[in-house]
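Enquirer: What follows is a structure written as structure tokens; I'll ask about it next.
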Amino acid sequence: MEKARPLWANPLQFVFACISYAVGLGNVWRFPYLCQMYGGGSFLVPYFVMLVVEGMPLLYLELAVGQRMRQGSIGAWRTISPYLGGVGLASVVVSFFLSTYYNIINAWAFWYLFHSFQDPLPWSVCPLNGNRTGYDEECEKASSTQYFWYRKTLNISPSIQDSGGVQWEQALCLLLAWLVVYLCILRGTESTGKLEQLANPKAWINAATQIFFSLGLGFGSLIAFASYNQPSTNCQQHAIIVSLINSSTSIFASIVTFSIYGFKATFNYESCLNKVILLLTNSFDLEDGFLTTSNLEQVKGYLASAFPGKYSEVLPQIRNCSLESELATAVQGTGLSFIVYTEAIKNMAASQLWSVLYFFMLLMLGIGSMLGNTAAILTPLTDSKVISSHLPKEAISGLVCLVNCVIGLVFTMEAGNYWFDIFNDYAATLPLLLIVLVEIVAVCYVFGLRRFESDLQAMTGRTLNWYWKAMWAGVSPLLIISLFVFYLSDYILTGTLQYQAWDASQGQLVTKDYPLYALAIIGLLVASSTMCIPLVALGTFIVRRLKRGDTPPVA
Amino acid sequence: MRQNNSVTQEHTRRSKAKADGENAFKVRLSIRTALGDNAYAWDTNEEYLFKAMVAFSMRKVPNRETTEISHVLVCNVTQRVSFWFVVTDPLKNHTLPAVEVQTAIRMNRNRINGAFFLNDQTLEFLKIPSTLAPPTDPSVPIWIIIFGVIFCIVIVAVMLLILSGIRQRRRMSKGPTEVDDSEDKCENTITIENGIPCDPLDTKGGHINDAFMTEDERLTPL
């Protein structure tokens, strides 16, 4: 007798798994950045429009497919049409790339978490130079938080060509991160459950993209999660709940992030003013404590008129302190998490406590998303009878974790962060758009929207709302096609791709061109997942032709 | 007469302080920044203490044990508070080389700071870099300790889960065979009890019931 498919203990477990997968680091470090770049509060308009028009319908579609087919992504799409097994395979390949590079973020979060139990926090002070007469040069030019990130954590090389060796500290943290992920997925389903300027077209495009990737569509994780559902589960309700919770988490994270920005900006502005005061006091031998922030401008004017020669000497060193320019610095990604936030935290009272809490939160977000990613890879593998008959579930999970960990060691090398950026920017963006487009077209036009609708009705007992049908059949595919076309043209028009490299001598980032082999690898990344779809379709077509040719016609 | 002499002596010394710029050091104090409301005013008595501290530092240098307070000259005192000082050697009538003064001050920096309730940042000798205290470096970095603790916990948890999974599977595979054995025994007793052999009804071995025709033979082949 066939082994019964494991089920979620209750629908709440499933909802929590989806939420923990969808709410990830992107909510914390990408959404606030987009809000800031595209007009603050007004970015919420395109964001919510895209959520309602694109995010919820696609999320509902993936959950419904998983619940109906009761298989992982490869099996589910093969059931819809034998030629479409490639879509599932492409999802698995993209999930594989994602899980390879995503866990290094958890490794970094562990590293910072372990270093938070010190007084003072290691990123708040610069180390001393060789003869102990001053601070390290690189640290002076940059800042102590940047120094700790680029030198102590990453030990970054000047360019992507200088690979350097594997950093054993990062490798250990990566190993620990994979062990924790393995621990969580070991028991399978039972354990995962138990947690922009409106007229600017770019604002709309970025809103659409953000919704897309924030919900984690196209990786096959949602299909995997939903396949463990009871057939009668109301996945429409869950789709709405998950997407609303994901969006409110993004907005909440933005509120926190903006207050952190404000704190950091105020602090930097005040220390800038104090530096100017000290400079003037020392140059003109004024009485200690005479210059304050309130009389600074007055005194500057007086000094300029009374001692013009000396003042013009000192003038180049006087920085124009402006709160607006401090507030205007917008950072996203690892730069936000590990540099800006740590800079704000080091200036707070009880900074060790805030630091521990913050990196613990990052870890929870990161590991929650990792579980979804690995579920996307493992579910098709455990579904396949060939593999699951030879190896127990624990061994398959262990093997997947081991392979990913070994490949992930690439990101612990000195040039690792550059490769991380490559994977982060190119491994998922374009292939996912294509995958979700094929998914929608497959369900609506290959499987048949009417047939899917009647299946869902039989399964859940509820009729399908006209709104979902309209979105699936018309609006969402058009939106995805336009996103796809935009990104493709953007890549082509920009010409050669560039990246930001850390220059230790200047203490800041510089732009460099990717070497040829890096461009080749980028192309390979995009092609390896997108080509799965046509190749598998072609392969199935050929195999069927051959079979038809072999068997004699039955009378 | 004596007064005139001391005035001219003072004058020549002062000119030496300005003239030998390369052996003179500028000192800057930030008393208000350091002490806030408890700040003391800088006057000639504090200057005297400063000269005494410098002379004391010089006395610690070999060959300079005879340095007197009067050999230390201070000039150009500003409101900041900042001033220049130089150490002279009246016997040879020149100023002591900067390197010697530098080493002396560096070695006794803490004592000088302490005398004025200041620290390296608030009592600055502009050409004398202070030796910064390195951050305390424990022999085993703290992060490795925490890493080790969490690593061990995770490994133990993984082992426990794997072992319990193996045990569960072994129990499941033993289970059906045990149930089969007990069924066998039951059937043996039943067949003997009644005295009627129930072999045809024993379905455990999957015996074919000959009473019914097999599916294949029901339909005559074409």
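Enquirer: Does A:Thr494 satisfy the condition of being exposed (fewer than 11 other Cβ atoms within 10 Å of the Cβ) and not small (Gly, Ala, Ser)?
Expert: Numbers: exposed (fewer than 11 other Cβ atoms within 10 Å of the Cβ): yes; not small (Gly, Ala, Ser): yes.
Criteria met by A:Thr494.
Enquirer: If I ask for residues that are at the interface with chain B (Cβ under 9 Å from one of its Cβ atoms) and assigned to a helix (DSSP H, G or I), which ones from segment A:117-159 would you list?
Expert: A:Phe117
Enquirer: Quick check on A:Ile481: is it open to solvent by less than 40 Å² (accessible area, probe 1.4 Å) and of a type in the set (Val, Ile, Thr)?
Expert: On the way: open to solvent by less than 40 Å² (accessible area, probe 1.4 Å): no; of a type in the set (Val, Ile, Thr): yes.
No.
Enquirer: Can you tell me how many residues in segment A:497-514 are in a strand (DSSP E or B) and open to solvent by 60 Å² or more (accessible area, probe 1.4 Å)? Even if it seems obvious, please write down each step before you answer.
Expert: So in segment A:497-514, the residues in a strand (DSSP E or B) come out as A:498-503, A:508-513.
Now drop any that are not open to solvent by 60 Å² or more (accessible area, probe 1.4 Å), which leaves A:498, A:500, A:508-509, A:511-513.
Number of matching residues: 7.
Enquirer: On to the next question. If I filter segment A:292-320 down to residues being among the hydrophobic types (A, V, I, L, M, F, W, C) and within 47 Å of the chain's Cα centre (by Cα), which single residue comes out as nearest to A:Glu270 (Cα to Cα)?
Expert: As a first pass, look at segment A:292-320 and keep what is among the hydrophobic types (A, V, I, L, M, F, W, C): A:296, A:299, A:303-304, A:306-307, A:314-315, A:318.
Pick out the ones that are also within 47 Å of the chain's Cα centre (by Cα) and you get A:296, A:314-315, A:318.
Details: A:Leu296: 13, A:Val314: 20, A:Leu315: 19, A:Ile318: 14 Å.
Step by step, filter segment A:292-320, then rank; the result is A:Leu296.
Enquirer: Is at least one residue of segment A:366-379 farther than 26 Å from A:Cys184 by Cβ, among the small types (Gly, Ala, Ser) and more than 16 Å from the chain's Cα centre (by Cα)? First the steps, then the outcome.
Expert: Let us first name the residues in segment A:366-379 that are farther than 26 Å from A:Cys184 by Cβ, namely none.
Scanning segment A:366-379, I find no residue that is farther than 26 Å from A:Cys184 by Cβ, among the small types (Gly, Ala, Ser) and more than 16 Å from the chain's Cα centre (by Cα), so the answer is no.
Enquirer: Quick check on my filter: what residues within segment A:367-399 are in contact with a Leu (Cβ under 6 Å, 6 or more places away or on another chain) and away from chain B (no Cβ under 14 Å)?
Expert: Scanning segment A:367-399 gives A:Asn373, A:Ile387.
Enquirer: Pairs needed: first member in segment A:445-457, at pLDDT below 90; second member anywhere, surrounded by fewer than 13 Cβ atoms within 10 Å (Cβ to Cβ); C-beta distance under 6 Å; at least 6 residues apart or different chains.
Expert: From residues that are at pLDDT below 90, the pairs are A:Gln457/A:Thr463.
For (1) within 14 Å of chain B (Cβ to nearest Cβ); (2) farther than 29 Å from A:Leu34 by Cβ, each residue gets a yes or a no:
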residue: A:Phe267; (1), (2): no, no
residue: A:Ile277; (1), (2): yes, yes
residue: A:Asp288; (1), (2): yes, yes
residue: A:Leu296; (1), (2): no, yes
residue: A:Pro316; (1), (2): no, yes
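Enquirer: Can you name every residue in segment A:160-181 that is more than 14 Å from chain B (Cβ to nearest Cβ) and in a helix (DSSP H, G or I)?
Expert: Within segment A:160-181, none qualify.
Enquirer: Do we have any residue at all in segment B:87-107 that's open to solvent by 70 Å² or more (accessible area, probe 1.4 Å), outside any helix (DSSP H, G or I), within 14 Å of another protein chain (Cβ to nearest Cβ) and closer than 15 Å to B:Val27 by Cα?
Expert: So far as segment B:87-107 goes, no, none of its residues is open to solvent by 70 Å² or more (accessible area, probe 1.4 Å), outside any helix (DSSP H, G or I), within 14 Å of another protein chain (Cβ to nearest Cβ) and closer than 15 Å to B:Val27 by Cα.
Enquirer: Among the residues of segment B:51-67, is any under 38 Å from the mean Cα position of the chain (by Cα), within 14 Å of chain A (Cβ to nearest Cβ) and on the phi < 0 side of the Ramachandran plot?
Expert: Scanning segment B:51-67, I find no residue that is under 38 Å from the mean Cα position of the chain (by Cα), within 14 Å of chain A (Cβ to nearest Cβ) and on the phi < 0 side of the Ramachandran plot, so the answer is no.
Enquirer: Filter segment B:111-134 for residues that are touching a strand residue (DSSP E or B) at 6+ places or on another chain (Cβ under 7 Å) and either open to solvent by 20 Å² or more (accessible area, probe 1.4 Å) or part of a loop (DSSP other than H, G, I, E, B) (or both) and give the result.
Expert: Scanning segment B:111-134 gives B:Phe116, B:Leu118, B:Thr122, B:Glu124, B:Leu126, B:Lys127, B:Ile128, B:Leu132, B:Pro134.
Enquirer: Also, quick follow-up: Filter segment A:234-260 down to residues that are surrounded by fewer than 21 Cβ atoms within 10 Å (Cβ to Cβ) and of a type outside the set (A, V, I, L, M) and give me whichever is farthest from the chain's Cα centre (by Cα).
Expert: Our first condition is that a residue be surrounded by fewer than 21 Cβ atoms within 10 Å (Cβ to Cβ); within segment A:234-260, this holds for A:234, A:236-237, A:240-241, A:244-245, A:248-249, A:251-252, A:255-256, A:258-260.
Subset that is of a type outside the set (A, V, I, L, M): A:234, A:236-237, A:248-249, A:252, A:258-259.
On the way: A:Asn234: 29, A:Gln236: 26, A:Gln237: 26, A:Ser248: 17, A:Thr249: 15, A:Phe252: 17, A:Phe258: 19, A:Ser259: 22 Å.
Filtering segment A:234-260 for residues that are surrounded by fewer than 21 Cβ atoms within 10 Å (Cβ to Cβ) and of a type outside the set (A, V, I, L, M), the one farthest from the chain's Cα centre (by Cα) comes out as A:Asn234.
Enquirer: On to the next question. Cβ-Cβ under 8 Å, sequence separation 6+ or interchain: first residue in segment A:149-173 and farther than 19 Å from A:Lys512 by Cα and of a type in the set (Asp, Glu), partner at pLDDT 90 or above and open to solvent by less than 40 Å² (accessible area, probe 1.4 Å). Which pairs?
Expert: The qualifying pairs are A:Glu169/A:Trp111.
Enquirer: One residue is enough: does segment A:61-77 have a residue meeting the conditions at pLDDT 90 or above and either open to solvent by 10 Å² or more (accessible area, probe 1.4 Å) or polar (S, T, N, Q) (or both)?
Expert: No; the residues of segment A:61-77 include none that is at pLDDT 90 or above and either open to solvent by 10 Å² or more (accessible area, probe 1.4 Å) or polar (S, T, N, Q) (or both).
Enquirer: Related question: Condition first: closer than 16 Å to A:Gly40 by Cβ and at pLDDT 75 or above. Now tell me which residues in segment A:327-345 satisfy that.
Expert: Within segment A:327-345, just A:Leu327 meets the criteria.
Enquirer: Cβ-Cβ below 9 Å, separation at least six or inter-chain, first residue in segment B:159-176 and facing chain A (nearest Cβ under 10 Å), second assigned to a helix (DSSP H, G or I): which pairs?
Expert: B:Leu161/A:Leu183; B:Leu161/A:Ser191; B:Leu161/A:Glu394; B:Ile162/A:Glu394; B:Ile162/A:Gly398; B:Gly165/A:Lys393; B:Gly165/A:Glu394; B:Ile166/A:Glu394
Enquirer: Shifting gears a bit: With respect to the numbered conditions (1) out of contact with any Gly (no Cβ under 9 Å at 6 or more places or on another chain); (2) open to solvent by 10 Å² or more (accessible area, probe 1.4 Å), which one is the sole condition not fulfilled by A:Leu121?
Expert: Evaluating A:Leu121 over (1) out of contact with any Gly (no Cβ under 9 Å at 6 or more places or on another chain); (2) open to solvent by 10 Å² or more (accessible area, probe 1.4 Å) leaves (2) as the failure.
Enquirer: Would you check if B:Lys26 is under 21 Å from B:Ala98 (Cβ atoms), open to solvent by 20 Å² or more (accessible area, probe 1.4 Å) and not in a helix (DSSP H, G or I)?
Expert: It is true that B:Lys26 is under 21 Å from B:Ala98 (Cβ atoms), open to solvent by 20 Å² or more (accessible area, probe 1.4 Å) and not in a helix (DSSP H, G or I).
Enquirer: Out of curiosity, is A:Gly309 closer than 29 Å to A:Val125 by Cβ and open to solvent by less than 60 Å² (accessible area, probe 1.4 Å)? Give the steps one after another, and end with the answer.
Expert: Working: closer than 29 Å to A:Val125 by Cβ: no; open to solvent by less than 60 Å² (accessible area, probe 1.4 Å): yes.
For A:Gly309, the condition - closer than 29 Å to A:Val125 by Cβ and open to solvent by less than 60 Å² (accessible area, probe 1.4 Å) - is not met.
Enquirer: Can you tell me how many residues in segment A:409-466 are small (Gly, Ala, Ser), open to solvent by 40 Å² or more (accessible area, probe 1.4 Å) and in a helix (DSSP H, G or I)? Steps first, answer last, please.
Expert: As a first pass, look at segment A:409-466 and keep what is small (Gly, Ala, Ser): A:415-416, A:427-428, A:442, A:448, A:454, A:458, A:461.
Pick out the ones that are also open to solvent by 40 Å² or more (accessible area, probe 1.4 Å) and you get A:454, A:458, A:461.
Filter once more, keeping what is in a helix (DSSP H, G or I): A:454, A:458.
The number of residues fulfilling the criteria is 2.
The values are calculated or read from the model by the stated rules, or taken from the named source; none is laboratory data. In this text, all values refer to a predicted model and were calculated from it rather than measured experimentally. Note that we place each Cβ from the backbone using ideal geometry, even for glycine, and neighbour counts take in every protein chain shown. With ligands, DNA and RNA removed, areas are computed over all heavy atoms of the protein, side chains included. Shrake-Rupley method; radii C 1.70, N 1.55, O 1.52, S 1.80 Å.
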